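Please read the structure below before turning to the comments.
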Amino acid sequence: MNENTTSANQQTNSYVIDAENAAEMARLNVQDKLITRAMGGLFPEQINLTETRRLLDIACGPGGWLLEVMKQYPHMQGVGIDISQLMMEYATGAAQREKLQNVYFRVMDATQSLDFPDQTFDLVNGRILTGFLSTNGWPSLLQECWRITRPGGSIRLTEPEYGFTNSAALDALTGMMAQALQRTNHSFSPHGRTFGTTPMLRLLIQQAGYQEIQHKAHVIDYSAGAELHKSNVQNLLIVYKLLQPFLVKAGITTTEEAERLYEQMIEDLQRPDFCGIDFYLTVWGHK
Ligand SMILES: C[S@@+](CC[C@H](N)C(=O)[O-])C[C@H]1O[C@@H](n2cnc3c(N)ncnc32)[C@H](O)[C@@H]1O
């Protein structure tokens, strides 16, 4: 990865964080494990996987979820795509270290046509795409997903709502993030009070043509003393540092205010009475 590639990707990509940043990759590794743990497994909704052979994970990051799926379901063949060359190199290395021959990773921009033939996949998966997809980008991507899903195959999307907490600083930062997402057309929330994707998933999947749509919600409790407190604190310390340029550029705050809230958030997260939960919604449907 050279610097020219990094800056070129950052300029053309709409992701709210620099996708070639090593700290972001480390954060995604932490976040992946904590989400899978909180959700109670790789497919907690217990969808029928007997017919599932070919699986695509869109914007897979460093590939943690897909690699785990490939280990647990060796009869499957997986492809992970992401805009980040750094993350695809890391995921490829991880697959080699684990001697997994049923998976490969490719750099691909999910806001463009997907470079796969029609009806390639039995299952198309995507988790936390809000950070780079615009509201117009969702229908276009889902049309592409429909095209590459085989008849009888499925789509499965998981998106979050964050920031339910008794920390005023974390509450303020999450609110700023929601506003910045809305201002930059990443959020369906009319006033930018939430991240806004979760209520839309069913309609978006339905409009793409999928049927028999179902959903399941999950909670991550990262309150003081909870099992996932430590790993989500790690996640929050990195993410709200890396998000500062996005919040400032969106005109939501100043660097000084973002930094002051960040310092206050660190203090709040260590309080013995700190409470915080996040929600994730998984929605799936069939072609
Ligand atoms: C919040 S992370 C989610 C990673 C992974 N799905 C997970 O849940 O662990 C968002 C990912 O989207 C990737 N990304 C950003 N813009 C993208 C684009 N235009 N096409 C494909 N991937 C993109 C980033 O590099 C990052 O890995």
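The values are calculated or read from the model by the stated rules, or taken from the named source; none is laboratory data. Values in this document were obtained by computation on a predicted structure and should not be read as measured data. Here the Cβ is made from the backbone with ideal geometry for all residues, glycine too, and neighbour counts use every protein chain on show.
Give me the residue from the stretch 43-63 that is without any contact (Cβ under 8 Å) to a residue 40 or more places away in the chain and near the ligand (Cβ under 8 Å from one of its atoms) and, out of that set, nearest to residue 281 (Cα to Cα).
Filtering first and then ranking leaves 61.
Can you find a residue that is modelled with pLDDT of 95 or more and in contact with a Cys (Cβ under 8 Å, 6 or more places away or on another chain) anywhere in the stretch 68-81?
Yes - at least one qualifying residue is present in the stretch 68-81.
Those residues that are under 20 Å from residue 52 (Cα atoms) and within 15 Å of the ligand (Cβ to nearest atom), I need them from the stretch 137-156; list them, please.
Answer for the stretch 137-156, where residues must be under 20 Å from residue 52 (Cα atoms) and within 15 Å of the ligand (Cβ to nearest atom): 142, 144, 145, 148, 155, 156.
I'd like to know if the stretch 223-239 contains one or more residues that are within 23 Å of residue 141 (Cβ to Cβ) and either free of Cβ contacts under 8 Å to residues at least 40 places away in the same chain or part of a loop (DSSP other than H, G, I, E, B) (or both).
Within the stretch 223-239 (the criterion being within 23 Å of residue 141 (Cβ to Cβ) and either free of Cβ contacts under 8 Å to residues at least 40 places away in the same chain or part of a loop (DSSP other than H, G, I, E, B) (or both)), the answer is no, since none of the residues qualifies.
Across the stretch 179-192, what is the number of residues that are assigned to a helix (DSSP H, G or I) and under 16 Å from the mean Cα position of the chain (by Cα)? Outline the logic, then answer.
As a first pass, look at the stretch 179-192 and keep what is assigned to a helix (DSSP H, G or I): 179-183.
Applying the additional criterion that residues be under 16 Å from the mean Cα position of the chain (by Cα) yields 181.
So the answer is 1.
For the stretch 243-283, give me each residue that is buried (at least 19 other Cβ atoms within 10 Å of the Cβ), part of a strand (DSSP E or B) and either under 19 Å from the mean Cα position of the chain (by Cα) or aromatic (Phe, Trp, Tyr) (or both).
278, 280, 282, 283
Of everything in the stretch 22-42 that's without any contact (Cβ under 8 Å) to a residue 60 or more places away in the chain and hydrophobic (A, V, I, L, M, F, W, C), which residue is surrounded by the most Cβ atoms within 10 Å (Cβ to Cβ)?
Once the filter is applied, the top-ranked residue is 28.
Please determine, by comparing only the residues of the stretch 193-211 that are part of a loop (DSSP other than H, G, I, E, B) and over 19 Å from the mean Cα position of the chain (by Cα), which one is surrounded by the most Cβ atoms within 10 Å (Cβ to Cβ).
Ranking the qualifying residues of the stretch 193-211, first place goes to 210.
Scan the stretch 212-228 and give yes if some residue there is within 14 Å of residue 35 (Cα to Cα), of a type in the set (Ser, Thr, Tyr) and buried (at least 18 other Cβ atoms within 10 Å of the Cβ), otherwise no.
yes
Residues in the stretch 105-136 that are assigned to a strand (DSSP E or B), within 14 Å of the ligand (Cβ to nearest atom), closer than 16 Å to residue 158 by Cα and not basic (Lys, Arg): how many?
3
Any residue at all in the stretch 65-88 that's outside any helix (DSSP H, G or I), within 16 Å of the ligand (Cβ to nearest atom) and polar (S, T, N, Q)? Spell out how you get there, then give the answer.
Restricting attention to the stretch 65-88, the residues satisfying the condition of being outside any helix (DSSP H, G or I) are 73-84.
Restricting the remaining residues to those that are within 16 Å of the ligand (Cβ to nearest atom) gives 78-84.
Retained after the next criterion (residues that are polar (S, T, N, Q)): 84.
Within the stretch 65-88, one or more residues are outside any helix (DSSP H, G or I), within 16 Å of the ligand (Cβ to nearest atom) and polar (S, T, N, Q).
Scanning for something loosely packed, with under 15 Cβ neighbours inside 10 Å, more than 18 Å from the chain's Cα centre (by Cα) and not hydrophobic (A, V, I, L, M, F, W, C), does the stretch 77-88 turn up at least one residue?
No, every residue in the stretch 77-88 fails to be loosely packed, with under 15 Cβ neighbours inside 10 Å, more than 18 Å from the chain's Cα centre (by Cα) and not hydrophobic (A, V, I, L, M, F, W, C).
For the stretch 89-104, how many residues are away from the ligand (no atom under 16 Å from the Cβ) and in contact with a helix residue (DSSP H, G or I) (Cβ under 7 Å, 6 or more places away or on another chain)?
From the stretch 89-104, those away from the ligand (no atom under 16 Å from the Cβ) are 96-102; that's our starting set.
Imposing the further condition that a residue be in contact with a helix residue (DSSP H, G or I) (Cβ under 7 Å, 6 or more places away or on another chain) reduces the set to 98, 100, 102.
Looking only at that region, the number is 3.
With the checklist (1) aliphatic (A, V, I, L, M); (2) more than 16 Å from the ligand (Cβ to nearest atom); (3) buried (at least 18 other Cβ atoms within 10 Å of the Cβ) in hand, flag the one item residue 19 doesn't pass.
So residue 19 meets the others, but not (2).
Pairs please, first residue from the stretch 113-138 and closer than 30 Å to residue 243 by Cβ, second anywhere and among the basic types (Lys, Arg) and at pLDDT 95 or above, Cβ atoms under 6 Å, 6+ apart in sequence or on different chains.
Final answer for the pair search is 125/156.
Only one residue in 62, 117 is of a type outside the set (D, E, K, R) and more than 28 Å from residue 23 (Cα to Cα), so which one is that?
Of the residues listed, the single one that is of a type outside the set (D, E, K, R) and more than 28 Å from residue 23 (Cα to Cα) is 117.
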